[in-house]
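Student: For reference, the structure I am asking about is given below.
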């Protein structure tokens, strides 16, 4: 049961990549916060560093410098095995391309993270079917991904991310491949099922049609968070920290 009151807190976060022999700095001393019980939306133009940021928060990428506290844990101090254990127990990730296993049924796809965490296969399948039922796919549990619509595949990906009841849910462009109606349905599901006290939910999006679902919007540009809007108050701005 998600119960932590800790959120996500980034300070002076930096990350660079080598491209064709040139070092490109993607995150430039970034500051970002996300609190439990809210849906925080991370927006901004393509290439501004949104996916890099949530990949670091998820422990899928490292950082070159800075501080990152996730759910009370200094994430950058963990070794590879500790990081894997932390992700399996406490983080759910919805990938932009869904990353479903095409040879497995919907229920089997959802059961995978439970099995990886040590749950026996029959119990994992039972929990997976229950999770799919909550997302309106109770009649589709036996179907392969190719037999499902894009919207249904996205729901399977969300079910897989939520089935182990994580304290942090990260979604990378969950409506990018969906029409307006399906995109709204997915966001309504995230609000009704994923958002709860004690759970941090961060959604990366450039889809203006779904901005209204956010409790908080953090806008990125050129490797920095440049504006934060709490929906009940006036927009605020972060100081523009210069890159080194």
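Student: I'd like the residue in the stretch 142-152 that is assigned to a helix (DSSP H, G or I) and modelled with pLDDT under 95 and, out of all such residues, is farthest from residue 178 (Cα to Cα).
Tutor: Once the filter is applied, the top-ranked residue is 152.
Student: Considering only the stretch 45-65, how many residues are under 10 Å from residue 223 (Cα atoms) and in contact with a strand residue (DSSP E or B) (Cβ under 7 Å, 6 or more places away or on another chain)?
Tutor: 5
Student: In the stretch 101-123, how many are surrounded by 14 or more Cβ atoms within 10 Å (Cβ to Cβ) and free of Cβ contacts under 8 Å to residues at least 24 places away in the same chain?
Tutor: Looking only at that region, the number is 3.
This table checks each residue for (1) closer than 21 Å to residue 114 by Cα; (2) assigned to a helix (DSSP H, G or I); (3) free of Cβ contacts under 8 Å to residues at least 12 places away in the same chain.
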residue	(1), (2), (3)
166	yes, no, no
175	no, no, no
183	no, yes, no
193	yes, yes, no
197	no, no, no
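Student: Would it be correct to say that residue 158 is in contact with a strand residue (DSSP E or B) (Cβ under 7 Å, 6 or more places away or on another chain), at pLDDT 90 or above, part of a strand (DSSP E or B) and crowded, with 23+ Cβ neighbours inside 10 Å?
Tutor: The answer is no for residue 158.
Student: Also, I was wondering about something else. Need at least 3 residues that are farther than 24 Å from residue 153 by Cα and touching a residue at least 24 places away in the same chain (Cβ under 8 Å) per element, so show me which strands (runs of 3 or more DSSP E) inside the stretch 37-100 make the cut, counting only ones lying wholly within it.
Tutor: 65-70
Student: Still on this structure: Restricting to the stretch 110-141, give me the number of residues that are farther than 19 Å from residue 193 by Cα, part of a helix (DSSP H, G or I) and within 21 Å of the chain's Cα centre (by Cα).
Tutor: Of the residues in that region, 3 qualify.
Student: Hey, residue 209 hits all of (1) closer than 21 Å to residue 40 by Cβ; (2) in contact with a strand residue (DSSP E or B) (Cβ under 9 Å, 6 or more places away or on another chain) but one; which does it fall short on?
Tutor: Here residue 209 meets the rest and fails (2).
Student: Another question, then. Is it true that residue 42 is at pLDDT 95 or above and closer than 24 Å to residue 203 by Cβ?
Tutor: For residue 42, the condition - at pLDDT 95 or above and closer than 24 Å to residue 203 by Cβ - is met.
Student: One residue is enough: does the stretch 54-65 have a residue meeting the conditions touching a helix residue (DSSP H, G or I) at 6+ places or on another chain (Cβ under 6 Å) and under 30 Å from residue 123 (Cα atoms)?
Tutor: yes
The values are calculated or read from the model by the stated rules, or taken from the named source; none is laboratory data. For clarity, every value in this text was computed on a predicted model and none was experimentally measured. Counting neighbours? That spans all protein chains shown, and the Cβs are built from the backbone with ideal geometry, glycine included.
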